[in-house]
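Notes follow the structure.
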Amino acid sequence: MSDLLNLITPFPEQNSTFAESVDSLYYFIFWLSAVFFVLIIGLMVYFMMKYRRVEGQEPEKSPSHNTPLEVSWSVLPGFLVLFIFAWGFNTYVDMRTPPNDAYEINVTASMWSWQFGYPTGAVDGELHIPVGTPVKLIMQSKDVIHSLYVPAFRAKQDVVPGRYSGMWFEATKTGKFDLFCTEYCGQKHSDMITKVVVHPLNKEGVTEEVSQTFDEWMEIAMDPAEGGKKTPAEAGQKVVGMFGCLQCHSVDGSKKVGPSFKGFFGKEVDITGVGKVKMDENYIRESILEPNAKVRAGFDPKMPSFKGNMKDEWIDYVIAYIKSIQDEK
Ligand code: CUA
C-alpha cells in the first residue's frame, strides 16, 4: 500500500517522531479529496446525461429544495473538516512544543551558509545530532530571512534577522540527511544546502555511513587539532569546513562570492577605497573578525563576522591552512 502511495506522491524517508503523523494526515486529505472529486464529477456527468434536454419534451418543474439532503451535505463535510483540524492542530502543537530536556543547538544562518554551535563550544557547518534524543534548535540570522528545512524530519522553520526562532525534532534512526534553506535569500540561495548527521549513542550503532558516535564526533569537533594529532594546516582545513567558509571561498584560485584562499598570500591585493594592501596573517585575522574593514576590490561586502565564534587558536589554524595551499615557488 505504501509503495502505491509513494508512486503517487513520493516522499523522502521518515526520520522523526512526528513525520508519520504529518504524512498520514497528508494522505488522508489526499484520498478524501480524490474520493470527493470522483464522486462529484461522476454524479455531475451522470446527471448531465440523464437529465439532458430532449427534443419535444417539456422539463418537469423541479422541487424547490430537499432539507435532509442539504443538511447532510453541509454537516457531514463540516465534521470531516473539524476532524482534519483536530488532527493537524494536535500534530502542530507537538511540533511546536519542545520537551524541557531537549539538547539545545544554536543555529546561525547567513548568506550563504549554516553554522551550528553546540553547548560544548564546538561549531560545525553540518548539523550533528544524537539519535533518539529530542533536539531543539535556537536559530538566528545575520542578514536576511532564511528557512531551515529537513525533509526527512518533516520539519521547517523560518530564520528571521533580529529575533530568535526555534524548532525541535527527535530523529528515530541514524544516517545522513539533507538540510536546505527553503526561503529565497539571494544569489547563492541554492548553495545553502548541507547535511544532518544523526549519530548513534554507542559503538553498536556505528555504521559505514556514520562511523562515529555522537560523543566521539563531539570530542573531535571541540578540538580541530585533535590534541596535536593534526598539523595546524590540517586543523585549519577542518575549521574552514566547520564554518562553511568554502561556500563562498574557493581553494583553487577561482573566484566565487568571495576571493579565493589560494594564490594571494604574501602578495599585494586591491582593497576597495584603500588601495594596495599586503595579504598577510594580520589581514586574514582582520578579515575573519571584521570582514568589512578591508573589502577586496571587485567583491561585495557580504561576509558575516566570525567574532566570538571562531576561537583565536582556530584563526591561527585557518591562517596556517591558507598558507599551506599557496603556489609553491
Ligand atoms: Cu538562505 Cu535561502
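Working carefully through the options ALA122, ALA102, find the one that is in contact (Cβ under 8 Å) with a residue 12 or more places away in the chain, in contact with an Asp or Glu (Cβ under 9 Å, 6 or more places away or on another chain), of a type in the set (A, V, I, L, M) and closer than 24 Å to GLY236 by Cβ.
Selected residue: ALA122, the only one of ALA122, ALA102 that is in contact (Cβ under 8 Å) with a residue 12 or more places away in the chain, in contact with an Asp or Glu (Cβ under 9 Å, 6 or more places away or on another chain), of a type in the set (A, V, I, L, M) and closer than 24 Å to GLY236 by Cβ.
Kindly evaluate VAL159 against the criterion of being farther than 26 Å from VAL93 by Cα, β-branched (Val, Ile, Thr) and modelled with pLDDT of 90 or more.
Numbers: farther than 26 Å from VAL93 by Cα: no; β-branched (Val, Ile, Thr): yes; modelled with pLDDT of 90 or more: yes.
Criteria not met by VAL159.
Going by what's in this entry, would GLU13 be described as farther than 24 Å from PHE169 by Cα and not assigned by TED's automatic domain parsing to the domain that holds VAL197? Steps first, answer last, please.
Values: farther than 24 Å from PHE169 by Cα: no; not assigned by TED's automatic domain parsing to the domain that holds VAL197: yes.
Spelling it out, it is not the case that GLU13 is farther than 24 Å from PHE169 by Cα and not assigned by TED's automatic domain parsing to the domain that holds VAL197.
Filter region 138-150 down to residues that are within 15 Å of the ligand (Cβ to nearest atom) and either under 21 Å from PRO12 (Cα atoms) or among the hydrophobic types (A, V, I, L, M, F, W, C) (or both) and give me whichever is surrounded by the fewest Cβ atoms within 10 Å (Cβ to Cβ).
ILE145
Exactly one of (1) within 15 Å of the ligand (Cβ to nearest atom); (2) of a type outside the set (Val, Ile, Thr); (3) not in a strand (DSSP E or B) is unmet by GLN157. Its number?
Going through (1) within 15 Å of the ligand (Cβ to nearest atom); (2) of a type outside the set (Val, Ile, Thr); (3) not in a strand (DSSP E or B) one by one, GLN157 breaks only (3).
Out of the residues in region 218-257 that are among the small types (Gly, Ala, Ser) and on the phi > 0 side of the Ramachandran plot, which is surrounded by the most Cβ atoms within 10 Å (Cβ to Cβ)?
Looking at residues that are among the small types (Gly, Ala, Ser) and on the phi > 0 side of the Ramachandran plot, I get GLY244.
Just to verify a result, which residue in region 170-186, among those that are touching a residue at least 40 places away in the same chain (Cβ under 8 Å) and within 10 Å of the ligand (Cβ to nearest atom), is surrounded by the most Cβ atoms within 10 Å (Cβ to Cβ)?
Filtering region 170-186 for residues that are touching a residue at least 40 places away in the same chain (Cβ under 8 Å) and within 10 Å of the ligand (Cβ to nearest atom), the one surrounded by the most Cβ atoms within 10 Å (Cβ to Cβ) comes out as CYS181.
Quick one: what pairs do we get from region 68-87, first residue farther than 16 Å from PHE36 by Cα and not assigned by TED's automatic domain parsing to the domain that holds VAL35, second at pLDDT 90 or above and of a type in the set (A, V, I, L, M, F, W, C), C-beta under 7 Å, 6+ apart or different chains?
none
Could you check, for region 122-136, whether at least one of its residues is over 19 Å from VAL198 (Cα atoms) and among the small types (Gly, Ala, Ser)? Step through it out loud before you land on a result.
Start the filter on region 122-136 by keeping residues that are over 19 Å from VAL198 (Cα atoms), which leaves none.
No, the conditions are met nowhere in region 122-136.
So SER190 passes all but one of these: (1) surrounded by 15 or more Cβ atoms within 10 Å (Cβ to Cβ); (2) among the polar types (S, T, N, Q); (3) assigned to a helix (DSSP H, G or I). Which condition number does it fail?
The failed condition is (1).
For region 193-223, enumerate the residues that are in a helix (DSSP H, G or I) and either within 16 Å of the ligand (Cβ to nearest atom) or closer than 15 Å to THR120 by Cβ (or both). Steps first, answer last, please.
Taking region 193-223 and keeping what is in a helix (DSSP H, G or I), we get 203-205, 214-222.
Those that are in a helix (DSSP H, G or I) and either within 16 Å of the ligand (Cβ to nearest atom) or closer than 15 Å to THR120 by Cβ (or both): PHE214, ASP215, GLU216, TRP217, MET218, GLU219, ILE220, ALA221, MET222.
Scan region 116-136 for residues that are under 18 Å from ASP312 (Cα atoms) and crowded, with 21+ Cβ neighbours inside 10 Å and jot them down.
First, the residues of region 116-136 that are under 18 Å from ASP312 (Cα atoms): 117-118, 120-124.
Once the filter is applied, which keeps residues that are under 18 Å from ASP312 (Cα atoms) and crowded, with 21+ Cβ neighbours inside 10 Å, region 116-136 yields VAL123, ASP124.
Kindly establish whether ARG163 is assigned by TED's automatic domain parsing to the domain that holds GLU216, closer than 17 Å to PRO12 by Cβ, more than 11 Å from the ligand (Cβ to nearest atom) and of a type outside the set (Gly, Ala, Ser).
In short, no.
The values are calculated or read from the model by the stated rules, or taken from the named source; none is laboratory data. Source: prediction; values computed, not measured. As a convention, Cβ positions derive from the backbone with ideal geometry for all residues, glycine included, and neighbour counts pool all protein chains shown.
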